[in-house]
Amino acid sequence: MLNNTLQNATAPNTTGLLYHGYDFSHVASWASADRGHSPEVWDRAMGWYAMALVDVLDILSTLPSSTLTTELRTTLLSFIRILFPRIRDAASPTSGVWWLVMTQPGRTGNYFESSATAMFVYALLRSVRMGYVADDPDEGGSLTEAAKKA
């Protein structure tokens, strides 16, 4: 299901991030007919998701190890490693913060959004500090530096 909600490379203004909503039945008025996603990527939805990924990984580390917790940890780490570099790349190159509608930077009525920026800074820095993702400037840029710029 993750692939149904990730923007693909052919999408207009692609960020490669998760669309705001998803309808499994593909019948909601806003749902795309082919994959069931909403038309835009909204920063607060991505921010809450990014923080949840990091926080759930923290909780998993307190649980007894099992096949289930190991598989869940592996899945969540793969989501972080896919999404966090894309979150970094979606920030405004000038200000370092994120647009409310991430797929429409600079559009009239769109604006830099502080609450999602705070969520992204938290998720990026915590994921690096906890070792969930590498902070490798050679892999497109430092997540830490992106968070500091914001």
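Just a few scattered comments:
- The chain - mean residue ellipticity at 222 nm from DSSP helices (-39,500 (n - 2.57) per run, n ≥ 4, rounded to 500): -15000 deg cm²/dmol
- Cut-off 18 Å, label 7 Å out along Cα→Cβ of residue 74, residues of region 30-61 by amide N: 57, 60-61
- Distance between modelled label sites at residue 148 and residue 32, nm, 7 Å Cα→Cβ extension: 3.7
- Relative contact order [Cα under 8 Å, 6+ residues apart], the chain, whole percent: 22
- On the basis of the beta-carbon distance and an R0 of 35 Å, residue 94 and residue 48 show a calculated FRET efficiency of 0.90.
- Region 111-150, accessible surface, carbon-and-sulfur percent (1.4 angstrom probe): 54
- Sites residue 67 and residue 136, calculated FRET efficiency, Cβ-Cβ separation with R0 30 Å, nearest 0.05: 0.50
- Of the labelled figures [x] 168; [y] 122; [z] 111, only one reflects volume of the Cα convex hull per residue in Å³ as derived from the coordinates, namely [y].
- Alpha-carbon centroids, region 91-110 and region 118-150: separation in whole Å: 19
- Heavy-atom surface of the chain, accessible at 1.4 Å and reported per residue (Å²): 54
The values are calculated or read from the model by the stated rules, or taken from the named source; none is laboratory data. Everything numeric here is computed off the predicted structure, so don't read it as measured data. Using ideal geometry, Cβ is built from the backbone for each residue, glycine included, and neighbour counts are taken over all protein chains shown. Ligands, DNA and RNA are excluded from the accessible area calculation, which covers all protein heavy atoms including side chains. Shrake-Rupley method; radii C 1.70, N 1.55, O 1.52, S 1.80 Å.
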